[in-house]
Amino acid sequence: MSVVNRWRDEVKGGRNPRDIKVAFSREIVARFHGPAAAEDAQAAFEARFQRGETPTDLPELSEGQEVTLYRVAQEALTNVMKYSQASMVNTSITLKENNEICMTVLDNGVGFDKEAVKYKGSHGLIGMKERAFIFNGNLEIVTSPGKGTQVMLTVPLQIQPDNSYESIDR
C-alpha cells in the first residue's frame, strides 16, 4: 500500500492527522537520507509540524499520482530541512470542488529568490514541476526572501499521465 493511501486509511480509521504527518515525514527522510537522519529529524519535525487540512474521503489515486504526491512532498520537506531555517511547517491535502487534489507544504522560513534559483540549475524544483506537468497538474511556489515558502501541487483526479515522457522513477 502506498504512503498516501495508508495516510488516507489511517485518517479514516480515526488516527490523529498530525501523528500521521510526522510518520509520513519521517518515512520520507528515512527513504531519502537513511534511518539515522530520520531519527535526528523526528524531534525537529514534531516541534515544527502543525495540523493542516486532511480529508477523510480521499479517493483512491493512481500509482503515478501517489508517486507524484510522495516525491513532491519529499522534495519540499527536504528543502525545508536543508534551507528554510523554519520553525513551523504545515502540510495539507485537500480535495477541491473541481475534482482536483491539492497538496500544500507551507513554512515560515527564510524563503528564497526564485529568479536567482533558476540560474543555479535547481534540479529539485524542476523535477517537482515536471511531475506536476506529467499529470496535467500545476506546481506553484510562492516565496520571497524573508517571507517563507509555500509549495502547492494541484493534480486532477481523473487525468491519465502524458505518456510522451518516460517515467521519472524508472
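The values are calculated or read from the model by the stated rules, or taken from the named source; none is laboratory data. Please read these numbers as outputs of a predicted model, since none were measured by experiment. For the accessible areas, the whole protein counts, side chains as well, though only heavy atoms, and no ligand, DNA or RNA atoms are used. Shrake-Rupley method; radii C 1.70, N 1.55, O 1.52, S 1.80 Å.
Averaged over its residues, region 69-151 has an accessible area of 52 Å² per residue, based on protein heavy atoms and a 1.4 Å probe.
Extension gain for the segment ASN99 to ILE126, taken as residue separation times 0.36 nm less the Cα-Cα distance, is 7.2 nm to one decimal.
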